[in-house]
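The values are calculated or read from the model by the stated rules, or taken from the named source; none is laboratory data. Keep in mind that this is a model prediction, so the values were computed, not measured. Here the Cβ is made from the backbone with ideal geometry for all residues, glycine too, and neighbour counts use every protein chain on show.
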Amino acid sequence: MTRIAVLGLGIYGFQITRTLARLGAHVVAVDRDPALIEQVKRLAAESFVADVRDREALRGMGIASSDAVVICLGDDFEASEVCVIHLKELGAKRIIVRATTEERADILEALGPDQVITPTLDEARKMGQILMTPSVEDYARLKGGRSVVLYRAPEAFVGRTLGELKLGTRFRAFTVAVRHQVPAATSSPDAGMNHRPSADLVIREGDLLYIMGFDEDLLRLASRYA
């Protein structure tokens, strides 16, 4: 079961928690306000009243061992910064942090999280759904309302060309790159990567597709081939 920690249970954090719980995630909810923790106890598998600026508290809750950590502390920008630093030191697998302004997003980016987002409440729900889609290996928001997902090719794609799949026509989802599996000993980080896939490129088993589109279209695609 996918274990995702949500740090901060304001309106945005609550929406993420609710969406993930409905999709079957093991949600770890953390906030320093006991009243907010009480509200999510029926949704979260684990819930803690704690200050996320406390490194040892994060360690004790096992936050860094989660498959992903979503930091959504609203206007408490200092807490977001400190939390990212602590989680990096603790070896968190994947850190997603919400910024309330573009300026703050730039500062948080410099701290090295895996992703900085500035989404609306509706986008919070969509992000939760995408994070819980088994075929989606990674997800990144772009400016202009679009996202890119790293999508593991389902069995239905194998042996077919991109032209035959018609993802752009059917889902308004566009394959911008494809990474083929290569031997583990291959040293080049770009090995197997096709940055300009043509319509006649044949999808192989184990391929990873970088697909761009609006969240609702990416969700339709992922749901169709779940």
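Tell me, which residue of the range 1-22 that is under 16 Å from the mean Cα position of the chain (by Cα) and not in a helix (DSSP H, G or I) is farthest from ASP75 (Cα to Cα)? First the steps, then the outcome.
Our first condition is that a residue be under 16 Å from the mean Cα position of the chain (by Cα); within the range 1-22, this holds for 1-7, 12-13, 15-21.
From what is left, the residues that are not in a helix (DSSP H, G or I) are 1-7.
On the way: MET1: 31, THR2: 28, ARG3: 26, ILE4: 22, ALA5: 19, VAL6: 16, LEU7: 13 Å.
Among those residues, the one meeting the criterion is MET1.
Mind listing just one residue for me: the one in the range 203-226 that is part of a loop (DSSP other than H, G, I, E, B) and acidic (Asp, Glu) and, of those, nearest to the chain's Cα centre (by Cα)?
ASP207
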Exercise for the section: Given the conditions (1) closer than 16 Å to MET132 by Cα; (2) surrounded by 22 or more Cβ atoms within 10 Å (Cβ to Cβ), report the number of the one that ALA21 does not fulfil. Expected result: (2)
Completion exercise
Taking the range 141-151 and the residues there that are surrounded by fewer than 14 Cβ atoms within 10 Å (Cβ to Cβ) and not aliphatic (A, V, I, L, M), the one that is farthest from GLU216 (Cα to Cα) would be LYS143
Problem - Qualifying residue in the range 35-47 (condition: among the charged types (D, E, K, R) and modelled with pLDDT of 95 or more) - result: yes
Completion exercise
Over the range 27-75, the set of residues surrounded by 24 or more Cβ atoms within 10 Å (Cβ to Cβ) and more than 21 Å from ARG98 (Cα to Cα) is none
Handout entry: First in the range 1-12 and within 19 Å of GLU81 (Cα to Cα), second anywhere and outside any loop (DSSP other than H, G, I, E, B) and of a type in the set (D, E, K, R), Cβ under 9 Å, 6 or more apart
Key = ALA5/GLU46; VAL6/ASP31; LEU7/ASP31; GLY8/ASP31; GLY8/ARG98; LEU9/ASP31; GLY10/ASP31; TYR12/ARG98
